[in-house]
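Working notes for the structure below.
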Amino acid sequence: MPVGAVLGRLSESLDRAIGADRLKPAMRSQLLFEQVQAIAQMTPITTAGSVVIAVLLLALSYDEPIFPHIVAWALVLCGALFLGINRRQRVRDDETVRQAPQKAINVATLNAILVGTIWGVLPVIVLAGGDAMLKVMTGIVIAGVLCAAGFALLILPQAAIGFSLPMLTGAMIAVLGLKHPGEALVAAAVLWAYAAVMGFVCLRHARNHVRQLLNESKIREQKDIISLLLKEFEDNSADWLWEFDRQGALQRVSDRFAAAAGTAKEALGGTAFFDFLRNAGQGNDPIIDEMAQDIEARATFSGVELKMSIGGGERYWRLTGKPVHDESGAYVGYRGTASDVTAERISERRINFLAHNDSLTGLLNRTKFTDHLKQNVARLERYGSPFTVLYLDLDQFKAVNDSRGHLIGDKLLAQVAKRIKATLRESDLAARLGGDEFAIILASNCDAAQTAALAARLVEIVGKPYEFDGEVMSIGLSIGIAMAPLNGTRPDQILRNADLALYRAKAEGRGTFRFFETQMDSELRERRVLEAELRQALIEGELTLYYQPLVSADDNRPSGFEALVRWNHPVRGLVPPQEFIPVAEQTGLIKHIGDWTIREACLAAARWPGDLIVAVNLSPRHFQMSDVTAVVGAALAESGLPPHRLELEITESVLIEQPDRMIATLFELKALGVTIAMDDFGTGYSSLSHLLKFPFDKIKIDRSFVTASSEDAVARDVLRSIASLGKTLKIR
């Protein structure tokens, strides 16, 4: 069989042993090339070592009879080493080795066999005729060369085997010729142990090298794929990449990044990331500080929006980033994406403006004015903060609109709005309710004297002549004023009273203002009468509960009922709670009404079939005045109603005052097994922190959003947001 075929089969067997047979052709060629280069790199060292050993042996055998044999052996060894050096030079200079590395492997293997055979002759020569010292030295040399060759040829098992087998064979022939059989066996065992260890180490090293080559190939492929994806991302995406090193300096700034930043790539490269953001940002320091904390904690962040000033213009950027680590797991910096969301922000701002503002005048629209009115009422209820409402109506506007046309009428309304806004303070709110009607809320410094002075200025300024297209026209202004809580505590009541005052101003000659007066005394008298009658109603048992079904949206079946308290007045008939509950809260009667409602609702629900629940609304004032936990426990015990069938509904205002005590009470109720629901969510001061502080079982969305959702897109969006929030927090 040809030598090349033998070496080929040997290579195939060793490839299977070290896993090289699984390599792709290109990677296999790379492995062979690296093996050839490794042998070539080790050749000078092994040659120098061999020459030194040959000289040493010549010196030791100089006076011995076998000296001529040693000389001949040394010359043959040097010739073989010369061939190896010459071959190394060709391997290093000949580029064809990369195209045909297997041929070079075969040559290196043959050269190893040749040199190994020469070394195998040495022990036969020395042990046959050398003195004891030379024999000992030869044994040391053989063992050392065997181990050294094993380490030098680790990467190429073929060469290691080709070198060691003839050398080991010669050593075994010499050892077996020893006079003492015991010594021969020990020496042979030692030689085979050396050979076995060397073979194992060589194969293990070669296998690890193949595995490393595979890993490096996979890493290169992944890097190529990532580079391709990043390039495609840069070319086709509106976003851009950013990256900084462990010191925070920007690296590899892309063209898109530089264009978005309005500066040259060279100027950005090496710039501190946070210095750049702070220089280009506008009031973003708190957000940037939070980003810095995330980065210091090596945390991922996303959706961070910054307001930027670039090229003298206002821009908005959205950033996402995550830490980058090298192969060893060491932190090397951050990498992320950025996108310009200016158009999105401008669009949202415009949509928000149109949803809340009158498109003609830019003032608040009726819907937003109503929201602010409710908020002021809420502040009045919670904190006792008074406010004043002015209801404005233009005099003679209809005549101008009819005679001059709607275009002039619209221009006139816009000018009136400008004059009103210029007269007010920043804390005041102005709205156009529709047509030529306007309204103002004064939330601070709104006593009667200051309000009268402002109303007089408005009448004067709005009443000044207007000029359009060279034509002068004049209108007047009438104002009605209602002060809360003096003239009412409900939004509709306050606005109605301001409207009544406006009608009086018009009836008394127009172009003036009037405070609401006529209803004040009668309202107070009615409240006092209502309080006395309510006290008597508690004694006479005139309060009754009505039950509103709670219907599941899944199967349209009732899951329970909500208890609604009504006052069955002997003269007035059924009085709704919005009329007598505020009186009860102010007088303290709410405690008796609330305790009675809980007890009666539990007794009624205990007689219902199945697992139907009963829901009871708790007034914030009742919650503060009564020991609700004890009342609920007693009601459950008396009625025998399972706790899970009782649902208590509270509004967020319960948590405004003494939040720690109120939350502690809620946890006590929760421990009883009852269900806790947050009522009227989405209005007033709805705070997500309250949902985190206490695990509510249910969120009841304020009916205003549900009612408006059929026609108001904003209300629908709010509903979706609240529903998504509940789903995330696992709250019904």
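At-a-glance table
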| read-out | value |
| --- | --- |
| Largest-first principal axis extents of the Cα set of the range 570-683 (Å) | 41, 35, 27 |
| Accessible surface, 1.4 Å probe, highest first, among residues Thr367, Thr388 | Thr367, Thr388 |
| Where N is the number of residues in the range 365-501, Cα Rg divided by 2.2 N^0.38 Å | 1.09 |
| Contour excess over end-to-end distance, with Cα ends at Arg252 and Leu165 and 0.36 nm allotted per residue | 25.8 nm |
| Distance between modelled label sites at Asn556 and Arg716, nm, 7 Å Cα→Cβ extension | 2.2 |
| Per residue solvent-accessible surface (Å²) - the range 312-364, probe of 1.4 Å | 53 |
| Contact order normalised by residue count of the range 371-472, Cα under 8 Å, 6+ apart, percent | 32 |
| Spread of Cα-to-Cα distances over 10 Å intervals beginning at zero, given as percent, for the range 546-603 | 20, 41, 27, 11, 1 |
| Extension gain (nm, one decimal) between Trp608 and Ala48, 0.36 nm per residue minus Cα-Cα | 191.2 nm |
| Rounded FRET efficiency, nearest 0.05, which uses the C-beta distance separating Ala634 from Leu574 and R0 of 25 Å | 0.30 |
| Ratio of the Cα radius of gyration of the range 413-477 to 2.2 N^0.38 Å, where N counts its residues | 1.19 |
| Accessible area per residue in Å² at 1.4 Å probe, computed on the range 563-652 | 40 |
| Linear extension gain, Thr544 paired with Asn208, 0.36 nm per residue minus alpha-carbon span | 112.3 nm |
| The range 428-552: relative contact order in percent, alpha carbon pairs under 8 Å with at least 6 residues between | 17 |
| Efficiency of FRET between Glu348 and Arg457 - r from beta-carbon atoms, R0 22 angstrom, step 0.05 | 0.05 |
| Sequence of Tyr546, Tyr62 from largest to smallest accessible area, 1.4 Å probe | Tyr62, Tyr546 |
| For the range 341-425, radius of gyration divided by Kirkwood radius, i.e. Rg to Rh on alpha-carbons | 1.08 |
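The values are calculated or read from the model by the stated rules, or taken from the named source; none is laboratory data. Here the structure is a predicted model, which is why all the values come from computation and not from measurement. Every residue, glycine as well, gets a Cβ built from its backbone with ideal geometry; the counts of neighbours run over all protein chains shown. Note: areas computed on protein heavy atoms with side chains; ligands, DNA, RNA excluded. Shrake-Rupley method; radii C 1.70, N 1.55, O 1.52, S 1.80 Å.
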